[in-house]
1. Under 22 Å from residue 141 (Cα atoms) and polar (S, T, N, Q), is that true of residue 6?
2. Looking at the structure I just gave you, is residue 100 at pLDDT 95 or above and near the ligand (Cβ under 10 Å from one of its atoms)?
3. Just checking, does region 102-124 include any residue being surrounded by fewer than 20 Cβ atoms within 10 Å (Cβ to Cβ) and in a strand (DSSP E or B)?
4. Among the strands (runs of 3 or more DSSP E) contained in region 1-96, which hold 1 or more residues that are away from the ligand (no atom under 16 Å from the Cβ) and in contact (Cβ under 8 Å) with a residue 12 or more places away in the chain?
5. Here is a check on your reading of the model: is residue 117 of a type in the set (D, E, K, R), farther than 26 Å from residue 140 by Cβ and either without any contact (Cβ under 8 Å) to a residue 12 or more places away in the chain or within 14 Å of the ligand (Cβ to nearest atom) (or both)?
6. Which members of region 125-161 meet the condition of being in a loop (DSSP other than H, G, I, E, B) and among the β-branched types (Val, Ile, Thr)?
Amino acid sequence: MSHTESLEQYWKPEPERDYQRTFDQAPQIQHAYNEPGQPVVVACIDEGMPRGRNVAFIAGSGILEEDSVIDPLLGSGAIHGMTSHAGCGAAALAAREAGFQGDSDAYGETFAQTKAEALGIPYEGSITASDMRRPAHVHIADTFYVDGTARGFNPNLVDGAPLGFVHSRGIFGSAEVGQRQVELGIAIAMGPHGFGERFTTEHPFHVVVITDNQPGSVPLGTLLQEAEAVAAGNPRVKVHGVTIGA
Ligand SMILES: [Zn+2]
């Protein structure tokens, strides 16, 4: 089966997307939050990640970022494991940038493993293609969720929410890092392994920033500004803001 054929069945554009309403109407939204006080596992922003709580999402588990992005979180005991996964676009990009000629998944796996060892936390292994919630060689997301909550929230656990990339902006705490995640997600979705040219002004790629009113969460206005700056000049990207919880 070609990439194009397998992608076609997943392309379900809708004329209007009201993410706020989707989240307002979802039952048991609390279960999409990380558990208070529980350490998290670091995983990729990839929309194919298995459904789970207590995760902090960053591209390639941080493979494209400086050590200073992840390491400070450890001191607080906030992280207890690292993962990698099959078909990682971030690992492929990092391998290319490093001039690595071999299998990019192996490159990503070595990064996560080495990082975990250096930090004294468990490497929880590579998520295999069959455990991913997308076909092995294509990206089927038309949405990128920027989670600005302090606690961490996984929109892919919310019933009725479109499958999307997720970055834990509130946990990693950097506007710049967050914007790079969104840029990468857009590049993947609009590239040869994603829906690509199917995205139009009429059926755009959606960047959805999410926050709540809890202490430490990033304010909605800040998240919107950051996302709009990335989307600026690309009429095929639409930014949405969502506020959840109390
Ligand atoms: Zn990945």
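The values are calculated or read from the model by the stated rules, or taken from the named source; none is laboratory data. What you see is a predicted model; the values in this text were computed from it and never measured. All Cβ positions, even for glycine, are placed from backbone atoms using ideal geometry, and neighbour counts span all protein chains on display.
1. So residue 6 passes the test.
2. So residue 100 fails the test.
3. yes
4. 40-43, 79-85
5. Judged against the criteria, residue 117 is a match.
6. To start, the set of residues in region 125-161 that are in a loop (DSSP other than H, G, I, E, B) comprises 128, 132-142, 148-152, 154, 158-161.
Selection gives 128, 138, 140, 149, 158.
Table: residues versus (1) touching an Asp or Glu at 6+ places or on another chain (Cβ under 6 Å); (2) buried (at least 16 other Cβ atoms within 10 Å of the Cβ).
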| site | (1), (2) |
| --- | --- |
| 135 | no, yes |
| 142 | no, yes |
| 145 | no, yes |
| 168 | yes, yes |
| 180 | no, yes |
| 185 | no, yes |
| 192 | no, no |
| 223 | no, yes |
| 228 | no, no |
